[in-house]
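Inspection log for the structure reproduced underneath, given as structure tokens.
Just so it is clear, none of the values below were taken in a lab; they were calculated from the coordinates. Since the structure is predicted, the reported quantities are computational estimates derived from the model, not experimental observations. Glycine also receives a Cβ, built like all others from the backbone with ideal geometry; neighbour counts cover every protein chain displayed.
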Amino acid sequence: MTGSLRRVLIVRTALAVGAALALAGVALDRLIERDLRRQFDRGLADKAAMLASIVELTPQGYELDFADLDMTEFEVTASQGFLELWRDDGPVLYRSPSLAGTDLPAPDHSRPGPLYHDLALRSDRSGRAVTLQFTPRREPADAVFGNRQLPLVLTLARDTSSMSGAIARFRLALLAVLLATVLVVAGTLAAVIRASLRPINRLATQIAGLDDGALDSRLSETAVPEEFRPVVGRLNELLERLRAAFARERTLAADVAHELRTPLAGLATTLEVTASRERSVQDYRGAIAECRLITDDMRKLVDNLLALARLESGDTAIARRPVSLARLLEEAWKPFREPAAARHLQIAWDVSHDGEVLADPALLEVAVRNLLDNAVSYTDEGGTISLRAGTVTLGVVNTGCALTQAGADELRGRFRRGDTARSARGAHCGLGLSLVASVADALGADLRIQAEPGGVYEVALVFPGHLKA
Amino acid sequence: MRLLVIEDYQPLQNSVVRGLREAGYAVDATGDGEEGLWFATSAEYDVIVLDLMLPGLDGLTLLQRLRRRGHSAHVLVMTARDAVADRVRGLEQGADDYLVKPFAFAELLARVRALVRRKYGAKSPLIRVGDLEVDTCARTVRRAQQPVDLTAREFALLEFLALNQGRVISRAEIWEHLYDARAESTSNTIDVFVGTLRRKLEAGGGSRLIHTRRGMGYQLGETP
């Protein structure tokens, strides 16, 4: 249905009302007409019966004494009624003056009871007649008249033109009334519909007024008709999701800018100070190496921020596939072999290959990479990293811990608390641990951290039993 | 002049410390808030360059504690937080200046110098002692209109003496203000240091400006 709802409503309702009224009109017309005709027929029948009752059969013959009856209709001047009387075997006993010598039809009257029929009267007027077969009264009653006991047939006809006229007038009036009703109804309908649709117009205006800047506004759910409440409710829901998405986007942009500031400052100052005077080739090399480390930091930061943002927005569908913890750890370790060797780190492996859990391999890999990165970066030079994979556990332990337990706990909560201002970085720059915490959360695993300053730093991802593949 | 840099991001700490040392300052540095507070209260620093987001003790809390103890070191706060609310809060907590990362090192240096000047009440960057002109802004020295070539460390010593001109500065004070925590030295080092500076200042034939006060220290002035 396209086009104006209002117009369609009005037209359709008007048509429906019109059709209903038309049907009613037709029914009414039929009923009234039938009633009138019945009454007419009854009048005919009564009169015919009355006429039949005054016919007497006397020894002298048939006697018709109409003196007591009103016979004006049968007179020539009136010519409203027409009467003819026969004996059953044919001979006409009486013709009313109005007939002026013509005959009325006498249809088959073998069946008992009055017989009604339409006929054409003189001068093309239509009429209605009743034909009656009867036996006349005998006067005296006990007389026997032999073969003159045949039944008589009476036909009484009347002009129906006045009745037809009445019916026609009635029909006209009915039509006029119905038309007027239709018009009034249509008019009222238009007004009512327009008024009823006003909340919709208001809603439409409100919706038209929504834009990116107005995401805090909500459509009123009470000022709308019941039928629209679910729609408005859903719209409000969508507005909320949009607002949250924009807010998250703004937060992410702010976070990226914010987090990158310090490494950028490191980069800027290193370059500026290095360039401030002539230096040895070794110095320059050192500065370049430092800058490369810083850009590495920045890259990791951006990657982690993006991963965190995606996790938070629910964009990534978390897969649940069987993942071999040992194999994942071994694969993830490969790029760290060289950097670890460069820092003279001892690596201890403690893996069992029967550890398999249901997890999202990509996400888990990101988390593990962050853990390994932290370990390789912050273990004291010459220290030890233990890589562990059990049946449901994945752990990285390193010596040379510089964090306190409180510090470590703080680190994992960075995005969790939505506290973008407090980025606890310290020794572990790059949001790595908070990302691991988010991944653990998404995968349903438990992230356990144990930090002992000067001692050992232990991080473990523990998957619950029901996630065992 | 002695500075304390408290910044946990190592590459930034390294470059800032290097830049400041090359500018002639004695610089101590740490990446931890608690350690920073300990440093700040155990030595006399002219300016403390403080990052706000630190592990252990965060910068603002450190600043609060410093001020509560009546510590009067000038503090330049260095941070990634640039919102007006943050800046106002930093200054209200007792910071003397606020620098948003990333920044040009030259600006950091200039602001540190301004804070040093403020500490010694020298409004003008130009200090005159007799025919000696010490431009703390341009880092130049002229004696009788002739430029004197000093190393950054020598200039720092001269600047310190000049800012305190007329006052006798003890060796301990010189030690405190011109050597960082790593330095290991005897009082002889200072004497040698002062001697070298003296020689350079008198090279053009000018009169002695750095006077030795036996048992007390040194004094920069025209007349002994």
Taking the square root of 5λ for each eigenvalue of the C-alpha gyration tensor of the stretch A:232-328, the equivalent ellipsoid has semi-axes, largest first and in whole angstrom, of 41, 22, 5
Treating only Lys and Arg (+1) and Asp and Glu (-1) as charged, each at its beta carbon, one finds that the stretch B:78-119 has a dipole about its Cα centre, in Debye to the nearest 20, of 200
If amide H atoms are modeled at 1.01 Å from N in the peptide plane, then the residues at a separation of 5 or more from B:Leu99, or on another chain, having amide H under 5 Å from its own are B:Val77, B:Met78, B:Thr79
Here the Kirkwood hydrodynamic radius of chain B, Cα-based and in Å, equals 18.2
For chain B, averaging the sequence separation of alpha carbon pairs under 8 Å that lie six or more residues apart and dividing by its residue count, the contact order in percent is 18
Rounded to 0.05, the calculated FRET efficiency for the beta carbons of B:Val100 and B:Asp131 at R₀ = 56 Å is 0.85
Sorted by chain and number, the residues with a modelled amide H under 5 Å from that of A:Leu57, at a separation of 5 or more or across chains, are A:Glu63, A:Arg137, A:Arg138, A:Glu139
Per the C-alpha gyration tensor (a ≥ b ≥ c, the square roots of its eigenvalues), the stretch A:292-351 is rounded if a/c is under 1.5, else prolate if a/b beats b/c, else oblate; here it's oblate
Which residues qualify? For A:Leu119, with a placed amide H closer than 5 Å and at least 5 residues away or on another chain, they are A:Gly127, A:Arg128, A:Ala129
The correct pair for the stretch B:110-224, radius of gyration to one decimal and Dmax as a whole number, both in Å and from Cα atoms, is 13.5, 37
Placing one equal point scatterer on each C-alpha of chain A and summing with Debye, one gets log10 I(q)/I(0) at q = 0.07, 0.10, 0.12 Å⁻¹ equal to -0.64, -0.90, -1.06
Taking the convex hull of the alpha-carbon atoms of the stretch B:153-195 and averaging its shadow over every direction gives an area in square nanometres of 2.9
Quarter of the surface of the C-alpha convex hull for the stretch A:359-411, i.e. direction-averaged projected area in nm², equals 4.3
Counting Lys and Arg as +1 and Asp and Glu as -1 over every other residue whose Cβ sits under 15 Å from the Cβ of A:Ala186, the net charge comes to +4
Any DSSP H helix in chain A with Cα axial reach of 20 Å or more and mean Kyte-Doolittle score of at least 0.0? Listed by number, the hits are A:5-53, A:161-196, A:229-275, A:361-378
With +1 on the Cβ of every Lys and Arg and -1 on the Cβ of every Asp and Glu, the dipole magnitude of the stretch B:1-158 about its Cα centre, in debye rounded to the nearest 20, is 540
Rounded to one decimal in nm, the spacing of the 7 Å Cα→Cβ label points at A:Ser220 and A:Glu452 is 6.6
Length gained, B:Arg142-B:Ser42, 0.36 nm per residue minus C-alpha separation, equals 32.4 nm
For chain B, longest principal axis from Cα atoms; helix B:10-22 axis from its Cα atoms; angle between them, nearest 10 degrees, is 20
In this structure, the FRET efficiency calculated for A:Lys468 and A:Arg337 from their beta-carbon separation, with R0 = 25 Å, to the nearest 0.05, is 0.25
Out of A:Leu152, A:Phe82, A:Leu31 - ranked by how far each Cα lies towards the positive end of the dipole of the stretch A:1-156, with unit charges on the beta-carbon of charged residues - the top one is A:Leu31
Rounded to 0.05, the calculated FRET efficiency for the beta carbons of A:Ala19 and A:Val184 at R₀ = 22 Å is 0.85
Under the Karplus relation with 6.51, -1.76 and 1.60 and θ = phi - 60°, whole-Hz ³J(HN,Hα) for the stretch A:85-93, x at Gly and Pro, equal 10, 10, 8, 3, 8, x, x, 6, 9
Output field shielding_mean for B:18-27 (other chain Cβ, 10 Å radius) holds 2
By the C-alpha gyration tensor axes a ≥ b ≥ c (rounded if a/c is under 1.5, else prolate when a/b exceeds b/c, else oblate), the shape of the stretch B:39-143 is prolate
Taking GluC sites (Glu not before Pro) as exposed when in a DSSP loop with at most 10 other Cβ atoms inside 10 Å, chain A has its longest clean stretch at A:1-277
Rounded to the nearest 10, the angle in degrees between the Cα long axis of helix B:152-163 and the longest principal axis of the Cα atoms of chain B comes to 80
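Checking the a/c ratio against 1.5 first, then a/b against b/c, what shape does the Cα gyration tensor give for the stretch A:168-226?
Details: a/c = 9.45, a/b = 4.98, b/c = 1.90.
Note, shape of the stretch A:168-226 comes out prolate.
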In nm², the average projected area of the convex hull spanned by the Cα atoms of the stretch A:1-80 is 9.6
Toy charge model, Lys and Arg Cβ at +1, Asp and Glu Cβ at -1: the protein assembly as shown dipole around Cα centroid in debye, rounded to 20, equals 2120
Cα extents of the stretch A:55-113 per principal axis, largest first, Å, are 32, 28, 22
Computed ³J(HN,Hα) along the stretch B:192-197: with the Karplus parameters 6.51/-1.76/1.60, θ = phi - 60°, integer Hz and x for glycine or proline, the list is 4, 4, 4, x, 4, 4
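A:Glu278 to A:Asp29: extension gain in nm, 0.36 nm per residue of separation minus the Cα-Cα distance?
78.0 nm
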Compactness summary of the stretch A:95-204: radius of gyration and Dmax from Cα atoms, Å, are 29.2, 98
Taking alpha-carbon centroids only, the stretch A:216-261 lies from the stretch A:55-130 a number of Å equal to 94
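Lys pairs in the protein assembly as shown, Cα-Cα under 26 Å, at least 8 apart or on separate chains: how many? Please report the intermediate quantities before stating the final value.
Working: A:Lys300/A:Lys334; A:Lys300/B:Lys101; A:Lys334/A:Lys468; B:Lys101/B:Lys119.
Eligible lysine pairs with Cα atoms under 26 Å apart amount to 4.
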What the 10 Å binned alpha carbon P(r) of the stretch A:223-270 shows, as percent of pairs per bin from 0, is 23, 24, 19, 15, 11, 6, 2
In deg cm²/dmol, rounded to the nearest 500, the helical mean residue ellipticity at 222 nm of the protein assembly as shown, built from -39500 (n - 2.57) for every DSSP H run of length 4 or more, is -15500 deg cm²/dmol
